[in-house]
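Trainee: Quick one: this structure, given as C-alpha cells, is what I'll be asking you about.
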Amino acid sequence: MSRALRGLAVLGLALLNAMENPGAAQDIDALGGAEFELSGNAAFELRIHPESPQFEGQRDNRLAPSVTFAPEFRLFWDTARFTFIPFLRYDPEDTVGRTHSDIRELNLYTESDDWDLTVGLGKVFWGVAESRHLVDIINQTDGVEDIDEEDKLGQPMVQLNLLRDWGEVGFFLLPGFRERTFVGQKGRLRLPLRVDTDNPIYESAAEDRRIDAAARYAHTIGDWDFGASYFHGTGRAPTLVPDFDANGSRVLRPRYEVIDQFGLDVQATLDAWLLKFEGIHRSGQGDSFFATVGGFEYTFFGVSEEGADLGVLAEYHYDGRGDDAPPTIFDNDIFLGARYVWNDEFDTEFLGGGVIDQSNQSVLLSVEASRRLNDQWSLDLESRFFLNANDDPLLESFSDDGFVLLRLSRFF
C-alpha cells in the first residue's frame, strides 16, 4: 500500500470517527429561539483503475484514494430556515483539479401560505429522466466529481415560488456565474489537452458578473406531472476552443455563450409503469437545435420472497446540435438498465445500465449499488467503464480510465 493510500485511510477514518456523537437539535435563545441542527457526512473513497492511463503526466496509481467532508448546518424558525452546506474533497492524486472545496448552499429560506422565497447560494434540480438531465440548467456542473454531471456547484440566486391551485410558478434571478470545474493534468478522466480555466472566453461583456434569469411552471394533473421552463443567460456547458497558453503549449479555453433555452419535462405514473420525457430548444450556440430524452421504467413488484422489486429501464436520446455547440455523446443513443431494490432494513439498492451509441456502438457502462451498514454508516459502490470507446471522439479520452469506486460514509 502506498504512503498516500495509508495516509488517506488514516485521515478518512479520523474524520469518520470524529462524528461518533451526532449533535442533537437544540434551541438558541440568542437567535430568537431558533432551533439548531447539525448533520452531514464524511467519507473515504477508493477508486480502483484496472488499466494504466493513456496521457503523459497522469498518475499511474491503480489505487486512487480521496476523502470528502460535507457538514450541513441549519437554523429553524417558525416560517424561516438558514442553511449552510460546505463541501471539501482532498485527492492526493490530483491536488490541482480534483482537490477542491465549494459552498453547495448558503441561503435564507422563508415561506408563507402561498409563496416561498430563497436568497443566497442554492441548488435547484429539474428533470425526470434517468440517464440524462436535459432541462436541468440552474446550477453549474462540478466536473471533477464524476462524468455523470449530477454533482453541482452552489449558485447565487433569488428564487421566488408562487403556490397556486393551478400550479407552482418559480422565478429565478441568478447574479453571478460559476465556471465549470475540470480534472487536472495528473488526474484520471481528463481530456488530452489541459483546460485553461484561468482564461475563459465570455460572450457577455459582463463575463461572470452577468445576471441571468429563469422561470418554471410545474403542475400535477391526475397521474401526470409536468414542468415547463425558460432560461436566459450564460450557458453552463462551455465550448472548448483550441488555443495556446503563455508558454506556447496547446490548451483548450472554455467559451461561455449567452443562450435561450425552453424546456419541458413530463412524467406519468401508471401502476407499474413510469413514463418519462424531457425536451429542450436552445439557441445561442450556433444554429438553434432541439434535444430530447424519453423512455420508461417498468417495475416487477415482489420478485423475491423477501419482497424485492425489479425495475427495467429504457430511454432514447436525440440531440440535433451543430458543430458550434458544446459536443455531447447523447446524439443518437439508447439507454438500457435495471434497478433492483431489496426493500430490506438496510435500504440495499442496485442500479446498472449502459448508454449505447447507435452510430459507432460505443458504450458508457455504469453500475451503482448502496447499502446501509447501520444507522450511521453506509457502503457504496460505483463504476464507470467505456467500451468500444476508441471509435468515439468524445469517449476515447476516457477509454483507459474505467474504474470501480468504493465509498465508506459516516453520517451524523
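The values are calculated or read from the model by the stated rules, or taken from the named source; none is laboratory data. Please read all numbers here as calculations on a predicted model, not as lab measurements. In this analysis, Cβ positions are derived from the backbone assuming ideal geometry, glycine residues included, and neighbour counts consider all displayed protein chains.
Trainee: Run D375 past the list (1) surrounded by fewer than 16 Cβ atoms within 10 Å (Cβ to Cβ); (2) in a strand (DSSP E or B); (3) not polar (S, T, N, Q) and report the number of the one that doesn't hold.
Mentor: (2)
Trainee: A further question on this structure: I'd like to verify a number: residues in segment 93-149 that are out of contact with any Lys or Arg (no Cβ under 7 Å at 6 or more places or on another chain), part of a strand (DSSP E or B) and polar (S, T, N, Q), how many?
Mentor: Matching residues across segment 93-149 total 4.
Trainee: Going through segment 368-412 one residue at a time, which ones are among the polar types (S, T, N, Q) and more than 20 Å from V341 (Cβ to Cβ)?
Mentor: Q376, N388, N390, S397, S399
Trainee: Exactly one of (1) farther than 30 Å from A338 by Cβ; (2) out of contact with any Leu (no Cβ under 6 Å at 6 or more places or on another chain); (3) of a type in the set (F, W, Y) is unmet by W115. Its number?
Mentor: Going through (1) farther than 30 Å from A338 by Cβ; (2) out of contact with any Leu (no Cβ under 6 Å at 6 or more places or on another chain); (3) of a type in the set (F, W, Y) one by one, W115 breaks only (2).
Trainee: Does segment 22-48 hold any residues that are more than 20 Å from P86 (Cα to Cα) and at pLDDT below 95, and which are they?
Mentor: The answer is Q26, D27, I28, D29, A30, L31, G32, G33, A34.
Trainee: Across segment 162-178, what is the total count of residues that are surrounded by 18 or more Cβ atoms within 10 Å (Cβ to Cβ) and either closer than 22 Å to G97 by Cβ or out of contact with any Pro (no Cβ under 8 Å at 6 or more places or on another chain) (or both)?
Mentor: Residues flagged as surrounded by 18 or more Cβ atoms within 10 Å (Cβ to Cβ) and either closer than 22 Å to G97 by Cβ or out of contact with any Pro (no Cβ under 8 Å at 6 or more places or on another chain) (or both) within segment 162-178 amount to 4.
Trainee: Counting only residues that are under 27 Å from I334 (Cβ atoms) and either of a type in the set (A, V, I, L, M, F, W, C) or touching a Phe, Trp or Tyr at 6+ places or on another chain (Cβ under 8 Å) (or both), how many does segment 131-151 have?
Mentor: 9
Trainee: Is one or more of the residues making up segment 121-131 at pLDDT below 95 and of a type in the set (A, V, I, L, M)?
Mentor: No, segment 121-131 contains no residue that is at pLDDT below 95 and of a type in the set (A, V, I, L, M).
Trainee: Could you check segment 337-354 and list, in sequence order, the residues that are in a loop (DSSP other than H, G, I, E, B) and farther than 11 Å from A308 by Cβ?
Mentor: Within segment 337-354, E345, F346, D347 qualify.
Trainee: If you go through segment 150-176, how many residues are of a type outside the set (D, E) and in a loop (DSSP other than H, G, I, E, B)?
Mentor: 4
Trainee: Now for a separate question. Residues in segment 193-210 that are on the phi > 0 side of the Ramachandran plot and hydrophobic (A, V, I, L, M, F, W, C): how many?
Mentor: Within segment 193-210, residues that are on the phi > 0 side of the Ramachandran plot and hydrophobic (A, V, I, L, M, F, W, C) number 0.
Trainee: From R339, R384, R321, grab the single residue that is among the charged types (D, E, K, R) and either without any contact (Cβ under 8 Å) to a residue 40 or more places away in the chain or more than 25 Å from Y298 (Cα to Cα) (or both).
Mentor: Just one listed residue meets the conditions, R321.
Trainee: Please state which one of A214, A237 is modelled with pLDDT of 95 or more and part of a strand (DSSP E or B).
Mentor: After ruling out the rest, the residue left standing is A214.
Trainee: Across segment 233-280, what is the number of residues that are exposed (fewer than 15 other Cβ atoms within 10 Å of the Cβ) and without any contact (Cβ under 8 Å) to a residue 40 or more places away in the chain?
Mentor: Qualifying residue count, segment 233-280: 8.
Trainee: Exactly one condition in (1) part of a loop (DSSP other than H, G, I, E, B); (2) buried (at least 21 other Cβ atoms within 10 Å of the Cβ); (3) over 20 Å from the mean Cα position of the chain (by Cα) is false for A205; which is it?
Mentor: With (1) part of a loop (DSSP other than H, G, I, E, B); (2) buried (at least 21 other Cβ atoms within 10 Å of the Cβ); (3) over 20 Å from the mean Cα position of the chain (by Cα) applied to A205, the lone miss is (2).
Trainee: What residue, among those in segment 281-294 that are part of a loop (DSSP other than H, G, I, E, B) and touching a strand residue (DSSP E or B) at 6+ places or on another chain (Cβ under 8 Å), is surrounded by the most Cβ atoms within 10 Å (Cβ to Cβ)?
Mentor: Looking at the filtered set, the residue picked out is Q285.
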